[in-house]
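Participant: Please see the structure below; I have some questions.
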Amino acid sequence: MLALAMAAGVLAFSVLALTLFSVLPAKAAVHAAADSAAIAAAESASHSTAERSCAIAAEAASLNGTTLLRCDVSDSEATVAVGRPILTTSFSVTARAAVPRAKPTVANGAMPADELVPVVYPGVRESPPVRLRSDVAAALLRLLEAYRAETGDYLPVDEGYRDLAEQQRVFDQYGWPRAAIPGTSNHGEGTAVDFVNPPVVRGSHPHTWLAANAAQFGFEPLTDPDEPWHWDYTG
């Protein structure tokens, strides 16, 4: 009886060990396949449709022995889920990857006038007008309207796009790191906004509102150097 019990124990241990040694690598492979599919979708999203990006993700999943179960592609992120049977169950993994930002097609500070849009709204500097890339201008208007609706006030905007000559003037006045080296400023890409300083300073109500709400409109604060009035559009 003792020998029989010992044999049963050895058999059970062997089955458990076999299961662990087969399941763990299989699950790791599914995780790797999910990462691969997400990266494939994200890298193609900047120059392909969402449908095509998901087809590429499906190909990547298949090459790694899994099936694509879900694929969502936005301007900023690709989310995929892949799965495969492992023993008697179905195992799936979800992974995400950031879509690479498209490189600018024109030199910093040399954007064509027809690619820039003047931002017209109460509180925004009128002369010279604040100009931004069209999608950034639209996002800023939504932000300004939300601030007005919530607070009853207007957020004062001082500056947007800077051409190369203006970048040089600002650099000559303030120097680095207060001003970016000419030709490297986000202002030169039409994606940076300077609010009026003051009142937009750290600890002020306008800055507190921006810190809590700007991200939902695609804007992030500049932190190096620390300029509470400077916000960059990241989409």
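Participant: Multiply the residue separation of Glu59 and Gln173 by 0.36 nm, subtract the distance between their alpha-carbon atoms, and state the gained length in nm to one decimal.
Facilitator: Stretched out fully, the Glu59 to Gln173 stretch lengthens by 35.6 nm.
Participant: Starting with the fewest neighbours, write out Ser53, Ser185 ranked by other beta-carbon atoms found within 10 Å of each beta-carbon.
Facilitator: Ser185, Ser53
Participant: Now for a different question. By how many nm would the segment from Arg148 to Ala110 grow when fully extended, if each residue of separation counts as 0.36 nm and the alpha-carbon distance is taken off? Before the final figure, lay out each step's value.
Facilitator: Details: separation 38, 0.36 × 38 = 13.68 nm, distance 3.27 nm.
Net length gain for the segment: 10.4 nm.
Participant: What is the log10 of I(q)/I(0) for region 147-235, computed with the Debye formula using one identical point scatterer on each Cα and no solvent, at q = 0.16 Å⁻¹?
Facilitator: At q = 0.16 Å⁻¹ the computed log10 ratios are -0.64.
Participant: Ordered by packing density, taken as the mean number of other Cβ atoms within 10 Å over each peptide's residues, highest first, how do 172-183, 27-38, 150-161 rank? Could the numbers behind the result be given before it?
Facilitator: Numbers: 172-183: 13.0, 27-38: 19.9, 150-161: 17.4.
Answer by packing, highest mean first, reads 27-38, 150-161, 172-183.
Participant: Can you pull the percent of Cα pairs in the chain with separation above 23 Å?
Facilitator: That fraction is 63 percent.
Participant: Obtain the nm distance between the two label points defined at Ser204 and Arg52 by a simple spin-label model: each point lies 7 Å from its Cα along the Cα-to-C-beta direction.
Facilitator: 4.6 nm
Participant: Using DSSP to call loops (not H, G, I, E or B), can you name the trypsin sites (Lys or Arg not before Pro) in region 69-139 whose Cβ has at most 13 other Cβ atoms within 10 angstrom? Walk me through the numbers before you get to the answer.
Facilitator: Numbers: sites: Arg70, Arg96, Arg101, Arg125, Arg131, Arg133; in loops: Arg101, Arg125.
Filter output for region 69-139: Arg101.
Participant: Which whole-Hz couplings ³J(HN,Hα) result when phi for each residue of region 163-171 is put into the Karplus expression 6.51 cos²θ - 1.76 cosθ + 1.60, θ = phi - 60°, listed in order with x for Gly and Pro?
Facilitator: Once θ is set to phi - 60°, the couplings for region 163-171 become 6, 4, 5, 5, 4, 5, 4, 5, 5 Hz.
Read the figures in this text as sums done on the coordinates, not as results from a lab. Everything numeric here is computed off the predicted structure, so don't read it as measured data. Please note: Cβ atoms are built from the backbone with ideal geometry, for glycine as well, and neighbour counts cover all protein chains shown.
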